[in-house]
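The values are calculated or read from the model by the stated rules, or taken from the named source; none is laboratory data. Everything quoted here is computed from the prediction, not taken from an experiment. Don't worry about glycine lacking a Cβ; one is built from the backbone with ideal geometry, like all the others, and counts go over all protein chains shown.
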């Protein structure tokens with residue numbers, strides 16, 4: 001989720017048990033890089049086969065599997081390595097929790113008491129931030145305060161609740177309801193708030209804010225809701241449109257007036273990403289997910305999309321009451337919020353102790369929220385970046401990837417030099433597919449894009465003699481960055 005996002009367990013294990021005789025990556029020496037793919041195949045190792053990977057990415061992934069997988073002469077069965085993937089826009093194309101927002105609104109699937117909705121929507125927002133303004137986006141040029149939009153949404157919710165339209169399971173709403181001005185105002189204000197809070201407030205506020213929509217639900221109810229959403233928007237025969245939707249609220253009788261907001265529709269996990277999960281596992285590398293989305297939402301997506309061989313999930317979760325229902329309070333006793341530096345902290349607290357304190361050997365990312373965990377660990381040998389032409393710190397990683405490719409710096413050479421190997425994979429967001437290219441066609445666009453200006457600057461700076469460490473540590477906008485290969 002771009003507003004930068006677990007039940008009573010810290011890590012949810014999916015169909016496998018954790019071995020406690022686990023990990024240190026293979027030592028970096030030239031001998032570790034001598035086994036060709038043909039030998040790997042003879043020994044039974046699984047390599048990446050799909051033609052829809054960028055050829056350079058595919059070769060590097062297979063180099064990685066040959067070099068650090070269990071068929072390598074340096075692999076230690078007693079010290080198992082692991083990989084960590086971001087979920088939204090990395091494992092998946094598009095964002096599972098953002099799609100669930102739309103599902104909740106279009107089915108009025110909530111369990112919050114009407115008198116509590118205002119308090120829930122204000123949770124975690126500093127008092128002075130309630131009067132922050134954000135564009136109404138209705139063409140008027142007006143600015144709207146967060147406080148007024150919350151007041152309108154809470155009032156709308158009370159009316160809809162009184163009409164019997166709110167249900168924890170969600171209801172199929174007929175066109176009469178969808179034409180109701182109160183309904184139109186509610187869905188537009190709620191989705192607008194998501195954007196407004198994301199853009200005007202710190203991620204420590206914005207990331208958990210949307211999870212408070214689950215207040216009053218049990219973990220099972222959130223999972224069921226998310227699974228229903230995925231089975232609709234993730235199915236081309238149902239709701240998977242790969243398009244943009246829009247909500248516009250009426251102007252009458254509200255504090256904030258009219259607001260408008262657009263959103264993405266469509267969610268999937270590509271065959272290629274599932275192939276990578278399986279190949280890592282079959283080569284003796286455990287695969288974890290570290291997500292800024294909600295734990296039950298990610299669990300539902302893993303199940304619905306049949307993502308294979310997931311060892312465990314670390315993700316956002318809230319506290320529960322004495323009846324096992326979520327409340328509007330993040331559960332910091334489990335781990336930090338799993339975005340930004342919190343993803344690294346969660347790995348250190350939850351995953352690394354299972355692997356003798358080591359960090360991940362492989363990571364996968366797409367945006368700012370993944371920058372810390374993909375670059376901070378000493379043990380990381382390769383990073384896969386899904387190209388979204390980002391301008392945030394993910395651009396630093398994309399620029400490094402392009403420089404390494406341009407100069408044919410292989411995985412082996414990068415690792416021998418003490419660096420991580422970065423690779424950049426493109427995709428077509430209008431069809432929800434990876435393709436054999438490092439460029440991307442963004443949703444709703446007709447022309448491919450490659451690197452942002454910031455990423456281009458990285459290439460130029462590396463050409464001028466800057467080191468990867470210089471780029472990551474001096475050019476980052478992240479005040480919580482621990483440093484390149486420092487954990």
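Would you say residue 383 is surrounded by fewer than 24 Cβ atoms within 10 Å (Cβ to Cβ) and part of a helix (DSSP H, G or I)? If you could, list the steps in order and put the result at the bottom.
On the way: surrounded by fewer than 24 Cβ atoms within 10 Å (Cβ to Cβ): yes; part of a helix (DSSP H, G or I): no.
The answer is no for residue 383.
Mind listing whichever residues of the range 145-190 are under 27 Å from the mean Cα position of the chain (by Cα) and under 23 Å from residue 219 (Cα atoms)?
Across the range 145-190, the qualifying residues are 168, 169, 170, 190.
Going residue by residue through the range 334-342, is there one that turns out to be outside the structural domain of residue 236 (by TED's automatic domain parsing), in contact with a helix residue (DSSP H, G or I) (Cβ under 9 Å, 6 or more places away or on another chain), more than 25 Å from residue 278 (Cα to Cα) and in a strand (DSSP E or B)?
Scanning the range 334-342 turns up no residue that is outside the structural domain of residue 236 (by TED's automatic domain parsing), in contact with a helix residue (DSSP H, G or I) (Cβ under 9 Å, 6 or more places away or on another chain), more than 25 Å from residue 278 (Cα to Cα) and in a strand (DSSP E or B).
Checking the condition in contact with a helix residue (DSSP H, G or I) (Cβ under 8 Å, 6 or more places away or on another chain) and either surrounded by fewer than 24 Cβ atoms within 10 Å (Cβ to Cβ) or over 21 Å from residue 198 (Cβ atoms) (or both), which residue from 351, 307, 327 passes?
Numbers: 351 fails: in contact with a helix residue (DSSP H, G or I) (Cβ under 8 Å, 6 or more places away or on another chain); 327 fails: in contact with a helix residue (DSSP H, G or I) (Cβ under 8 Å, 6 or more places away or on another chain).
Result: 307 is the single residue among 351, 307, 327 that is in contact with a helix residue (DSSP H, G or I) (Cβ under 8 Å, 6 or more places away or on another chain) and either surrounded by fewer than 24 Cβ atoms within 10 Å (Cβ to Cβ) or over 21 Å from residue 198 (Cβ atoms) (or both).
So residue 370 fits all but one of (1) part of a helix (DSSP H, G or I); (2) more than 16 Å from the chain's Cα centre (by Cα); (3) closer than 30 Å to residue 217 by Cα; what number is the exception?
Failing condition for residue 370: (2).
Take residue 443 and tell me if it is assigned to a loop (DSSP other than H, G, I, E, B), within 30 Å of residue 268 (Cβ to Cβ) and in contact with a strand residue (DSSP E or B) (Cβ under 7 Å, 6 or more places away or on another chain).
On the way: assigned to a loop (DSSP other than H, G, I, E, B): yes; within 30 Å of residue 268 (Cβ to Cβ): yes; in contact with a strand residue (DSSP E or B) (Cβ under 7 Å, 6 or more places away or on another chain): yes.
So residue 443 fits the description; yes.
Tell me which residues, restricted to the range 467-486, are crowded, with 17+ Cβ neighbours inside 10 Å and at positive phi.
Listed by number, the list holds a single entry, 485.
Could you tell me which of the residues 283, 253 is in the same structural domain as residue 429 (by TED's automatic domain parsing) and more than 24 Å from the chain's Cα centre (by Cα)? Let's see the steps before the verdict.
On the way: 253 fails: in the same structural domain as residue 429 (by TED's automatic domain parsing).
After applying the criteria, what remains is 283.
Would you be able to tell me the number of residues in the range 160-175 that are surrounded by fewer than 16 Cβ atoms within 10 Å (Cβ to Cβ) and either under 15 Å from residue 256 (Cα atoms) or at pLDDT 95 or above (or both)?
4
Just to be sure, is residue 392 under 24 Å from residue 466 (Cα atoms), surrounded by 24 or more Cβ atoms within 10 Å (Cβ to Cβ) and under 18 Å from the mean Cα position of the chain (by Cα)? Give the steps one after another, and end with the answer.
On the way: under 24 Å from residue 466 (Cα atoms): yes; surrounded by 24 or more Cβ atoms within 10 Å (Cβ to Cβ): no; under 18 Å from the mean Cα position of the chain (by Cα): yes.
The answer is no for residue 392.
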